[in-house]
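Peer 1: Please see the structure below; I have some questions.
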Amino acid sequence: MNFLFGLAKPFLMGLDPEKAHGATIAALRLMPTRAPLVDDQRLAVDAFGLRFPNPVGMAAGFDKHGEAADALLGMGFGFTEVGTITPRPQPGNPKPRLFRLADDLGVINRFGFNSEGHAAVHKRLAARKPAGVVGVNVGANKDAGDRAADYVAGINAFADVASYFTINISSPNTPGLRDLQQAAALDDLLGRVLEARDAATEHHGRKPILLKIAPDLTEGDLDDIVRVSRARGIDGMIVSNTTIERPSTLRSPQAREAGGLSGKPLFPLATKVLAQSWLRVEKQFPIVGAGGIDSAETAFAKIEAGASLVQLYSAMVYLGPALVTDIKRGLPALLAKGGYGRVADAVGVRAADWASGKVSATRFG
């Protein structure tokens, strides 16, 4: 895979970003399924009632339609997340809607939940052998009159094939979606989603419910989100989605495009919000750290800031599949250097420093 990526990278970088992504998914679909190599036992993580062979996951947004789950697990990811999936098919926002910020190692997207819909994606997931941890990220159609009902429909549609669910209310590319992060709306949404999950448990087993939040929150907003999430008893959070902020350090000409910014420029903000979340959660449930991971060092920083698991996506555009292996090779040495026997021992040990700004993200290059 790494050799092939090296050959294909100049071609892919010459394509429109969305076409390059489509070509990558097509190539992964053609790959023969292979079992991943056995990971270092120090990397194993138990979270949400699930066992992860390593903490490195593929974030939602890469495999939107459930076409490459087994190929990604075969590449060495400890888990992968499909979606975001809406009940009915929808095209998303007009093209162009994906932009490389090559000078900043970042990406801006404004896809707007382009989805083939529940039926098509479920058919693919039901056809695969149930191996590995595959989460399902659910969302609402743009024209939904009752958005909470769309999330409930996602639980009902995928309860038989999902290892866990992510409730995505933090994309900046669907108008009004982030309003669901407000306390009253969130309480209603989570209550309905958890009721649907509990009703499906008898037939399909209990599936963890994770909430994915934005990094563009005031501390008061974050207080409300964590308070409601703890009161409702969700299983975990993902921190964070893309940001609508544009750091002054951005150099790429595409930096002013509308949409959500991800990749290296997101790392400082997402990691600070992760740490702030971990301190508020008070170990009531685990957190998945996402946003700007491009090395073993940045993955380890997320863990020390409060992440039990991590997810990446944008850095793969520039670094390719070797990144997964590099992170997994580097983490044991970082654990040993810190005196930790396993990933769980390091979770949150520097959360207070990250939350207060004492840790500077500039040391990560």
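Peer 1: Tell me whether region 310-324 contains one or more residues that are of a type in the set (S, T, N, Q), under 17 Å from the mean Cα position of the chain (by Cα) and closer than 26 Å to Gln41 by Cβ.
Peer 2: Filtering region 310-324 down to residues of a type in the set (S, T, N, Q) leaves 311, 314.
Checking which are under 17 Å from the mean Cα position of the chain (by Cα) leaves us with 311, 314.
Filter again for closer than 26 Å to Gln41 by Cβ, leaving 311.
The answer is yes, given that some residue of region 310-324 is of a type in the set (S, T, N, Q), under 17 Å from the mean Cα position of the chain (by Cα) and closer than 26 Å to Gln41 by Cβ.
Peer 1: Just checking, how many residues over region 156-179 are out of contact with any strand residue (DSSP E or B) (no Cβ under 6 Å at 6 or more places or on another chain) and part of a helix (DSSP H, G or I)?
Peer 2: Number satisfying all stated conditions: 5.
Peer 1: Quick check on Leu194: is it closer than 27 Å to Gly292 by Cβ and either of a type in the set (A, V, I, L, M, F, W, C) or in contact (Cβ under 8 Å) with a residue 40 or more places away in the chain (or both)?
Peer 2: no
Residues checked against (1) at pLDDT below 95; (2) crowded, with 16+ Cβ neighbours inside 10 Å:
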site	(1), (2)
Arg251	no, no
Ala275	no, yes
Ala315	yes, yes
Leu335	no, yes
Gly339	no, no
Val347	no, yes
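Peer 1: Can you give me the ranges of the helices (runs of 4 or more DSSP H) entirely in region 248-365 with at least 3 residues that are under 29 Å from Leu73 (Cα atoms) and in contact with a helix residue (DSSP H, G or I) (Cβ under 6 Å, 6 or more places away or on another chain)?
Peer 2: Ranges flagged: 267-281, 296-305, 322-338.
Peer 1: Quick one: would you say Glu67 is within 23 Å of Gly289 (Cα to Cα) and either acidic (Asp, Glu) or touching a helix residue (DSSP H, G or I) at 6+ places or on another chain (Cβ under 6 Å) (or both)?
Peer 2: No, not satisfied.
Peer 1: For region 236-247, give me the residue count where each residue is farther than 20 Å from Ala60 by Cα and either outside any loop (DSSP other than H, G, I, E, B) or in contact with a Gly (Cβ under 8 Å, 6 or more places away or on another chain) (or both).
Peer 2: The qualifying residues number 0.
Peer 1: If you go through region 64-121 one residue at a time, how many are among the small types (Gly, Ala, Ser) and assigned to a loop (DSSP other than H, G, I, E, B)?
Peer 2: Our first condition is that a residue be among the small types (Gly, Ala, Ser); within region 64-121, this holds for 66, 68-69, 71, 74, 76, 78, 83, 92, 102, 106, 112, 115, 117, 119-120.
Next, only the ones that are assigned to a loop (DSSP other than H, G, I, E, B) stay: 66, 68, 76, 78, 92, 112, 117.
Count: 7.
Peer 1: Within region 194-211, is even one residue hydrophobic (A, V, I, L, M, F, W, C), over 24 Å from Gln284 (Cβ atoms) and in contact with a Ser or Thr (Cβ under 7 Å, 6 or more places away or on another chain)?
Peer 2: no
Peer 1: Across region 133-155, what is the number of residues that are in a helix (DSSP H, G or I), touching a strand residue (DSSP E or B) at 6+ places or on another chain (Cβ under 7 Å) and within 27 Å of Thr218 (Cβ to Cβ)?
Peer 2: From region 133-155, those in a helix (DSSP H, G or I) are 147-155; that's our starting set.
From what is left, the residues that are touching a strand residue (DSSP E or B) at 6+ places or on another chain (Cβ under 7 Å) are 151, 154-155.
With the extra rule that they be within 27 Å of Thr218 (Cβ to Cβ), the set shrinks to 151.
Qualifying residue count for the region: 1.
Peer 1: Shifting gears a bit: May I ask you to verify whether Gly83 is modelled with pLDDT under 95 and either within 30 Å of Gly233 (Cβ to Cβ) or among the hydroxyl-bearing types (Ser, Thr, Tyr) (or both)?
Peer 2: yes
Peer 1: When you scan region 285-315, how many residues do you find that are of a type in the set (Gly, Ala, Ser), within 13 Å of Ala59 (Cα to Cα) and in contact (Cβ under 8 Å) with a residue 40 or more places away in the chain?
Peer 2: Total meeting the criteria: 5.
Per-residue answers, yes or no, for (1) of a type in the set (Ser, Thr, Tyr); (2) crowded, with 23+ Cβ neighbours inside 10 Å; (3) touching a residue at least 40 places away in the same chain (Cβ under 8 Å); (4) out of contact with any Asp or Glu (no Cβ under 8 Å at 6 or more places or on another chain):
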{"position": "Ala148", "(1), (2), (3), (4)": "no, no, yes, no"}
{"position": "Val161", "(1), (2), (3), (4)": "no, no, no, yes"}
{"position": "Ile169", "(1), (2), (3), (4)": "no, yes, yes, yes"}
{"position": "Asp188", "(1), (2), (3), (4)": "no, no, yes, yes"}
{"position": "Pro208", "(1), (2), (3), (4)": "no, no, yes, no"}
{"position": "Gly220", "(1), (2), (3), (4)": "no, no, no, yes"}
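Peer 1: Can you tell me which of (1) modelled with pLDDT of 95 or more; (2) over 29 Å from Ala355 (Cβ atoms); (3) over 20 Å from the mean Cα position of the chain (by Cα) is the one Tyr151 doesn't meet?
Peer 2: With (1) modelled with pLDDT of 95 or more; (2) over 29 Å from Ala355 (Cβ atoms); (3) over 20 Å from the mean Cα position of the chain (by Cα) applied to Tyr151, the lone miss is (3).
The values are calculated or read from the model by the stated rules, or taken from the named source; none is laboratory data. It should be emphasised that the depicted structure is a prediction, and the values quoted were computed from it without experimental measurement. Positions of Cβ are generated from backbone atoms using ideal geometry, with glycine treated the same way; all protein chains shown enter the neighbour counts.
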